[in-house]
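These notes are about the structure you will find just below.
The values are calculated or read from the model by the stated rules, or taken from the named source; none is laboratory data. These figures come from a predicted structure and were not determined experimentally. Here the Cβ positions follow ideal geometry from the backbone for every residue, glycine too, while neighbour counts run over all protein chains shown. In case anyone asks, the SASA skips ligands and DNA or RNA and just uses the protein heavy atoms, side chains included. Shrake-Rupley method; radii C 1.70, N 1.55, O 1.52, S 1.80 Å.
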Amino acid sequence: MRPRRETVAAFMAGIVMAAVLAVIGVTHYRALLRIPTPDAQASADQTGLNIPTIDQMCTTLGATAADALKQCQADESAAGEFVVAWMGLNGFMGNGGIDIEQIQLLASLDSSDPFAPDSSLGLDPSLGGDPTLGGGSGDTLLGGVTDPLTGESTPLFQSAAQLALFCLGESADWTKLHECISENDPSSRFSGAQ
């Protein structure tokens, strides 16, 4: 049997080690469990898409009279429904709203799309890709719209994801976002005319 002194020392060392581990666990549990700090979570939330309310959009647009405010709210609501439907159709909805990370991921993958038409293979680029292979409709050109007043043209986009990023960056409200999408994506118009 061990002497009593060694047993007490081992017991005391165990208690000290347990106390040290408890202090480390309490002070660093977020790092150990990979839980973001409140400051990191707040900054991550701010980098996402921040969509103002329809009332805020109409106020920003200067609609103050009751009739103008009602018309603006109706226009913004209808445009918002269109945008959400278009985003959903293209697979950009997730986590309860427009998923910016998904759009950015798809846009970054579009430049290396193995199914994109390639003139070196004898394929006609105006025919587009095979829509059954995923990644959008592929049957129309996106973008390249020239403003008749200024003569400026929007860029050409390889996919709906690239168009979505462009339109989200250029728009401050649902109406502007709707106009950007419908002008640059002929498949979103009822007539289908370019």
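Here are some notes:
- In region 79-101, residue least open to solvent (accessible area, probe 1.4 Å) [restricted to those that are in contact with a helix residue (DSSP H, G or I) (Cβ under 8 Å, 6 or more places away or on another chain), over 16 Å from Ser171 (Cα atoms) and touching a residue at least 12 places away in the same chain (Cβ under 8 Å)]: Phe92
- Restricting Ser77, Ser187, Ser137, Ser112 to residues that are at pLDDT 85 or above and either in a helix (DSSP H, G or I) or of a type in the set (S, T, N, Q) (or both) narrows the list to Ser77.
- Check on Asp39, modelled with pLDDT under 75 and either surrounded by 13 or more Cβ atoms within 10 Å (Cβ to Cβ) or within 23 Å of Asp173 (Cα to Cα) (or both): no
- Hits in region 155-167 (condition: open to solvent by 30 Å² or more (accessible area, probe 1.4 Å) and outside any helix (DSSP H, G or I)): Pro155, Leu156, Gln158
- Residue in region 65-72 that is surrounded by 11 or more Cβ atoms within 10 Å (Cβ to Cβ), within 20 Å of Ile181 (Cα to Cα), modelled with pLDDT of 80 or more and of a type outside the set (Asp, Glu) present: yes
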